[in-house]
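Structure, as structure tokens:
The values are calculated or read from the model by the stated rules, or taken from the named source; none is laboratory data. Since this is a predicted model, take the numbers as computed values, not measurements. Note that we place each Cβ from the backbone using ideal geometry, even for glycine, and neighbour counts take in every protein chain shown. Just so you know, the surface numbers come from the protein's heavy atoms only, side chains and all, with ligands and any DNA or RNA stripped out. Shrake-Rupley method; radii C 1.70, N 1.55, O 1.52, S 1.80 Å.
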Amino acid sequence: MEITINPKYPSVTDLRNRAMVKMPKFAFEYLDGGCNEDINLDKNRTDLQKVELMPYYLSKFDKSDTRTELFGHTYDAPFGIAPVGLQGLMWPNSPEILAKAAFAHNIPFILSTVTTSSIERIAEITEGNSWFQLYHPADEKIKRDLLDRAASAGTNVLVILADVPTFGFRPRDIRNGLAMPPKMSLKNILEVFTKPDWAIQTLIHGKPAFKTMEPYMPKDLNMAKLGELMDVTFSGRLNTDRIASIREQWKGKLVIKGVVSEEDAEKAIALGVDGLIVSNHGGRQLDAGQSSIVPMTHLAEKFKNQIKIMMDSGLRGGPDIARAMASGAEFTFMGRSFMYGVGALGKEGGNHTISLMKREFQQVMEQVCCEKVEDLPRFLVK
Ligand SMILES: Cc1cc2nc3c(=O)[nH]c(=O)nc-3n(C[C@H](O)[C@H](O)[C@H](O)COP(=O)(O)O)c2cc1C
């Protein structure tokens, strides 16, 4: 896919600023915020920014190749789109916009269980090349059915989420009356009238709904009851028995997202998991936790030859992807950056933001004189 960048928005900061104007306040704040006092959200950025690369200008250099092999597939670049819930609320049709762009650019798109498109629809768009993130449902039957559906749709990789044993404490969402699913308070409804593009797109694409979960929900559920049902459905805390049972049923690649401790990583390896996405959920769950780059660097050093170590949380561009890869990650993901892109530019947002990341990452590789992605650790300033 050709790289196309809208020259008005050459950075994620530009996209974020534009998205803030285009999206209703409650939706933007749901996307943008961390939890509690946003300490972990900020630490993800500041710790990542401390990572430095050393260029070697006089070394032998031909050209930089950003292609990266992961789980038997060669992607165009070492980054993908992280799973994000409720995407259609933030920008109408955004899971499909992002899945289409990811497929065209040959990077992975991870579908969240609680977003607004279905496993089947995303499989159609990506010709069976998407990844699926499972929120562990309390009900065994629903879990089995979701896994069967993911397998029949040809899902490449199953990601199970470890880091939401309880919902994060998010002051902005509390202030905005944003629950799961969102309550439409008068304040929020009035806010929508000031965002005409968002409102028109919502009319075109319809009220956002939890498409993957629809088969398990009674018809015509009112919003309050839907909220209760989702709370009960996802009260299933992850544990080693649950991972073992999924490992038995799921024949494809299995990844756990949100593991940050050595102890959990060892358990995951013993259970036959294929990869970890070291993540703190973009700083949305444990404000007193570490930034993501710190445990990732440690886990990569310790376990890289036993399991694929990937990371997300706090990455906002090509230099950050290079920082993470130089610190030992074998692949990276981003959540907010892509949603800012769609919030800012609507259906052009997916292509624009992926193009931006590809161009920026390529520039860093060329600048430090790195030919292959797997050589990036050589450029880390220790
Ligand atoms: C608005 C929002 C919703 C999210 N929903 C989910 C989700 O449903 N499932 C999931 O595994 N992670 C979810 N995440 C976490 C992302 O997958 C990812 O870990 C995080 O966004 C990475 O940090 P970054 O936004 O700084 O790139 C969500 C993140 C955001 C910002």
Helix-derived [θ] at 222 nm for the chain: sum -39500 (n - 2.57) over DSSP H runs of at least 4, divide by residue count, nearest 500? -13000 deg cm²/dmol
Just to be sure I follow: if Rg is taken over the C-alpha atoms of the chain and Rh is the Kirkwood radius over the same atoms, what is Rg/Rh? 0.95
Could you work out how much longer the chain between Glu37 and Ile189 gets when fully extended? Use 0.36 nm per residue separation minus the Cα distance between them, nm to one decimal. 52.0 nm
At a 1.4 Å probe, what is the % contribution of carbon and sulfur to the accessible area of the chain? 54 percent
Show which aspartates and glutamates lie in cross-link reach of Lys251 when reach means a straight Cα distance below 13 angstrom and same-chain residues fewer than eight apart are skipped. Asp148, Asp274
Residue-normalised accessible area of the range 42-181, given per residue in Å² at a 1.4 Å probe: 40 Å²
At a 1.4 Å probe radius, which order do Tyr216, Tyr9 fall into by accessible area, largest first? Tyr216, Tyr9
Once amide hydrogens are built 1.01 Å from N within the peptide plane, the residues lying 5 or more places from Thr332 or on another chain with amide H under 5 Å from its amide H are Phe79, Gly80, Met311
Set Lys25/Lys358; Lys267/Lys372; Lys8/Lys308; Lys22/Lys187; Lys43/Lys253, cut-off 26 Å on Cα-Cα distance; pairs above it are Lys25/Lys358; Lys267/Lys372; Lys8/Lys308; Lys43/Lys253
Which order do the peptides 368-375, 319-326, 85-92, 60-67 come out in when sorted by mean C-beta neighbours inside 10 angstrom, highest first? 319-326, 85-92, 368-375, 60-67
For the range 218-354, what is the accessible area per residue in Å² when the probe is 1.4 Å? 38 Å²
Mind listing the phi-derived Karplus ³J(HN,Hα) values for the range 32-39, rounded to whole Hz, using 6.51, -1.76 and 1.60 with θ = phi - 60°, and x for any glycine or proline? 7, x, x, 9, 6, 9, 6, 5
What does the highest-first list of 96-103, 334-341 look like by mean Cβ count within 10 Å? 334-341, 96-103
Name the long-range amide H neighbours of Ser117: under 5 Å, sequence gap of 5 or more, or other chain; modelled H, no Pro or chain starts. Lys211, Thr212
Rounded to the nearest 5, the percent of DSSP beta bridges in the range 226-382 running antiparallel is 0 percent
With both partners inside the chain, how many of the DSSP beta bridges are antiparallel, as a percent to the nearest 5? 15 percent
